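Let me begin by presenting the structure, written as structure tokens, before commenting on it.
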Amino acid sequence: MHNNHNRRDSNSNIDFSSLLSDELLLRVFSKLPISHHLSTSLVCKRWLFLHGRLVPSLKLLDWRFLESGRLLARFPALTEIDTVPSSCIRLAPNSGVLLTSKPSFSSLPISSTSIHEDLDPDRIHQGLQLIAQNYPNLRRIAVFSACSHALATLASACTTLQELELLSCGDFSLKGISGCVNLQVMKLTARTTGGIFASSVPVVVSDIGLTILAQNCKRLVKLELCGCEGSYDGVKAIGECCQMLEEMTFQDHRMDGGWLAALSFCANLKTLKLRSCKAIDADPGLDEHLGVCPMLQELHLERCHLRDAKSIKSLFLVCGDVRDIVLRNCWGLGDDLFAFASICRRVKLLYLEHCSLLTTGGLESVLLSWKGLERLTVVSCSKIKDEEVTPELASLFSVLKELKWRPDTRSLLSADLEGVGMWRKGGKFFNSLKGLK
């Protein structure tokens, strides 16, 4: 009996997983739900490093983790790396507070002792060299304030790179992307208006940078330009060189007047998005010189200032064949400006959200001019009233394939609570608390 007990104790101390090969354990771990990866990685050092081989994407929060070689040893199979937070933030040890920064990045640990400090360009270059040498199969990377030599190193080593996000990289830094022959998605942020990712040195992307980009990235499918300067010439170069471009986004742009007319050179453009733009086009020129995007299907305007009638009319003229129009949180969009949307005769979907100046009459006049409208969404537009819906507009609603009508959410809330007496019950509850005191 004593020998049997000792035998069981010795068997309980044996690590039977050590008998399994790394390949077999990786197959087992890959079948587990992602929510279990953290707990299983803490069993032993071997399991920790095996789990690191299953991680495809990572957000680097401390540049020293890369320089020390721990990133390369811990996560040897990365295909997506975001280096931006570590490039412009120096974290204090044991930082534990989560800071949200939208829209670029989801979360970032920060502490009261963290310092906003751009890394030295040589350190960034050396770090990107390490990434290029150890991750030849890299498909996506985001970098901050990289020089042309650093980007050239990445481009030559990572031939499978498909997505690139550049922050605070100026005109001549873009010379380094000439080797990114397979690049399909690119986001270029020239400058940031404050915040933790603002560059300490002014960065400009003008027609020079846009032309370099166009001539070297001819396979682009999706392009986002944030805070970029430029004009007709830069946008024209993109349209002529990037024949595969299908989606283009302008965010908080500083384009010179007349750039809208160059969009007609984007022959295959299907989606155009304008975000946080203080103006659309300061001087769009004559209507007959604007042209039309022939393949455009979607137009998105979000958080834009829409107060200039000439630029709004020019925008809808360029987007004359658009199928879907999405307007979110657009300031200054009244009936007179929205009336220009009737220029687009092929609209099948209209989405309106938080357009507070638009009235029921202004909406009706445009909707009745669209014969092919199939889907309509109106959310939180306070001047559009249910009681102002005319029989003609109601009959249009009846033939739509999809209708979401919530122009005044406050009235809906009061209607839902009517008869429930929630506010009365709440009053009784708080009065009882006062009585206890």
Once a ≥ b ≥ c are taken as the square roots of the eigenvalues of the Cα gyration tensor of region 153-302, is the result rounded (a/c under 1.5), prolate (a/b larger than b/c) or oblate (a/b not larger than b/c)?
-> oblate
Per residue, accessible area of region 164-301 with a 1.4 Å probe, heavy atoms of protein chains only, in Å², comes to 38
Leaving out ligands, DNA and RNA but keeping every protein chain, what accessible area does Arg140 have, in Å² rounded to the nearest 10, with a 1.4 Å probe?
-> 60
Let me know the Rg and Dmax you get for region 126-172 when you use only its Cα atoms, in Å.
-> 9.8, 28
Sequence order, region 330-346: Karplus ³J(HN,Hα) from phi using 6.51 cos²θ - 1.76 cosθ + 1.60, θ = phi - 60°, Hz rounded, Gly and Pro as x, gives 9, 8, x, 7, x, 4, 5, 7, 5, 4, 5, 5, 5, 4, 7, 8, 10
State the percentage of accessible surface on region 355-411 attributable to carbon and sulfur atoms; use a 1.4 Å probe and exclude ligands, DNA and RNA.
-> 52
For Lys385, counting only aspartates and glutamates whose alpha-carbon sits under 12 Å away and dropping same-chain residues fewer than eight positions off, the answer is Glu364, Asp408
Using the Karplus equation 6.51 cos²θ - 1.76 cosθ + 1.60 (θ = phi - 60°), what ³J(HN,Hα) coupling, rounded to whole Hz, does each residue of region 218-223 give in order, writing x for Gly and Pro?
-> 7, 9, 4, 10, 9, 9
In terms of modelled amide H atoms, which long-range or inter-chain residues lie less than 5 Å from the amide H of Glu165?
-> Ile141, Ala142, Val143, Lys187
Nearest-10 value in Å² for the accessible area of Glu402, using the 1.4 Å probe = 90
Enumerate the whole-percent occupancy of each 5 Å bin, from 0 to the last occupied one, for all C-alpha pair distances of region 272-322.
-> 5, 21, 29, 27, 17, 2
Phi to ³J(HN,Hα) by Karplus 6.51 cos²θ - 1.76 cosθ + 1.60 over region 369-380, Hz, x for Gly, Pro = 7, 8, 7, x, 4, 10, 9, 9, 10, 10, 10, 6
Distance check, please: which entries in Lys278/Lys313; Lys383/Lys404; Lys278/Lys404 exceed 21 angstrom between their Cα atoms?
-> Lys278/Lys404
Using a 1.4 angstrom probe on heavy atoms only, work out the carbon and sulfur share of the accessible area of region 207-339 in %.
-> 47
If amide H atoms are built 1.01 Å from N in the plane of the peptide, which residues on other chains or at least 5 residues away come under 5 Å of the amide H of Leu78?
-> none
Around Arg323, which amide H atoms from residues at least 5 apart in sequence, or from another chain, sit under 5 Å from its own amide H, with H modelled in the peptide plane?
-> Gln297, Glu298
Might you work out the accessible area of Leu337 for me, using a 1.4 Å probe with all protein chains in place, and round it to the nearest 10 Å²?
-> 10
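The values are calculated or read from the model by the stated rules, or taken from the named source; none is laboratory data. Since the structure is predicted, the reported quantities are computational estimates derived from the model, not experimental observations. For the accessible areas, the whole protein counts, side chains as well, though only heavy atoms, and no ligand, DNA or RNA atoms are used. Shrake-Rupley method; radii C 1.70, N 1.55, O 1.52, S 1.80 Å.
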